[in-house]
Ligand code: HXC
């Protein structure tokens with residue numbers, strides 16, 4: 001790990017932390033940063049010692065969007081042939097819970113990256129927006145879909161059609177933020193969330209994430225059946241027995257994550 005890495009990786013027990021590090025460009029997501037995020041999250045997802053992934057930026061910016069200067073001269077044909085941005089779908093396949101710790105700007109692709117995480121902890125300095133319309137384009141990394149599912153049609157349309165930035169308080173009010181904290185407590189709170197998740201039984205947290213995400217993809221009946229089947233399956237692992245025995249014996253459970 002070097003301080004000039006565009007994505008800095010560190011560990012806190014079972015929590016892996018990815019810090020975006022392109023301060024001069026407000027963490028704009030160029031191909032190199034996107035590639036690193038995809039590559040590192042996929043690797044961390046395979047690591048049994050990792051129970052949660054925390055993604056963060058700087059005090060000034062979580063990420064100010066896709067790199068406008070890099071994308072400006074791209075041709076439609078080149079993007080279509082390369083299916084540009086489709087690599088982001090790899091983040092959807094990350095089964096390990098992901099927590100975003102957002103301070104400052106989370107715009108365009110930055111807001112979309114936060115929304116690909118499972119829990120969003122925001123500092124009171126955070127500003128969210130989908131300003132692509134001002135550039136003559138639209139969100140391209142899931143904004144029109146994930147934001148609408150998160151906050152409903154009318155708030156999503158307001159943000160996407162006007163490009164208006166919303167502050168952290170409004171983001172929390174409309175359901176785009178899980179927890180809102182004073183800026184100086186951001187990392188402490190986000191780490192607390194990530195540590196809490198990482199210390200629970202890993203099969204249970206993977207199952208919880210998978211089942212909850214189903215709510216956005218399938219009808220209620222299918223979703224309920226899926227949930228029930230995964231619930232049944234968890235009784236095959238040792239952690240269920242340990243968790244329930246610990247409750248009965250009035251002690252803290254010791255999960256073996258299997
Ligand atoms: C490239 C960016 C950038 C971006 C900021 N910078 N955002 N470079 N791509 N998205 C660069 C600036 O050019 C500048 O570099 C430096 O970061 C500091 O930014 P300033 O504008 O000087 O800072 P400030 O005045 O504080 O304004 C902050 C800001 C503004 C409000 C966040 O930078 C801004 O509006 N950025 C663009 C936000 C945006 O439109 N995002 C959506 C992108 S499209 P120099 O070298 O001049 O100092 C997108 C689509 C995603 O995300 C999916 C499909 C592609």
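Only the coordinates and a few stated rules stand behind these numbers; no lab work does. Keep in mind it's a predicted model, so treat the numbers as computed, not measured. With ideal geometry, Cβ positions are generated from the backbone for all residues, glycine too; neighbour counts draw on all protein chains shown.
Where does each of 257, 232 land when they are ranked from fewest to most other beta-carbon atoms within 10 angstrom?
On the way: 257 19, 232 9.
So the residues, fewest neighbours to most, are 232, 257.
Let me have the relative contact order for segment 93-175, percent, based on Cα pairs under 8 Å that are six or more residues apart. Each step should come with its number before you reach the end.
Working: 133 pairs, mean separation 25.3, N = 83.
It rounds to 30 percent for segment 93-175.
Taking the radius of gyration and the Kirkwood hydrodynamic radius from Cα positions alone, what is the Rg/Rh ratio for segment 130-258, to two decimal places?
On the way: Rg = 19.4 Å, Rh = 17.9 Å.
That ratio is 1.09, to two decimals.
For segment 202-249, report the % of Cα-Cα distances exceeding 14 Å.
Numbers: 603 of 1128 pairs.
Tail of the P(r) past 14 Å holds 53 percent of the pairs.
Give me the distance in nm between label points sitting 7 Å out from Cα along the Cα-to-Cβ direction at residue 68 and residue 149, one decimal.
Inter-label distance under the simple model: 2.9 nm.
Based on DSSP, what percent of beta bridges with both residues in the chain are antiparallel, to the nearest 5?
Numbers: 8 of 30 bridges.
Among the beta bridges of the chain, antiparallel pairing accounts for roughly 25 percent.
Would you mind calculating the gained length between residue 167 and residue 76 on full extension (0.36 nm times residue separation, minus the Cα-Cα distance), in nm to one decimal?
Details: separation 91, 0.36 × 91 = 32.76 nm, distance 3.32 nm.
Going from the current span to full extension adds 29.4 nm.
If you take all C-alpha pairs in the chain, what percent of them are over 28 Å apart? Could you put the intermediate results ahead of the total?
Values: 11861 of 33153 pairs.
Roughly 36 percent, rounded to a whole number.
Relative contact order for the chain using alpha-carbon pairs under 8 Å, separation at least 6, rounded to a whole percent? Write down the numbers at each step before the final one.
Values: 451 pairs, mean separation 41.8, N = 258.
Rounded, it is 16 percent for the chain.
With n ≥ 4 as the cut-off for DSSP H runs, can you work out [θ] at 222 nm for the chain, using -39500 (n - 2.57) per run divided by the number of residues, rounded to the nearest 500? Display every interim value, and only then the final one.
Values: 12 runs with 110 residues, N = 258.
Result for the chain: -12000 deg cm²/dmol, rounded to the nearest 500.
Please report, in whole Å, how far the alpha carbons of segment 36-112 spread along each principal axis, starting with the longest.
42, 30, 15
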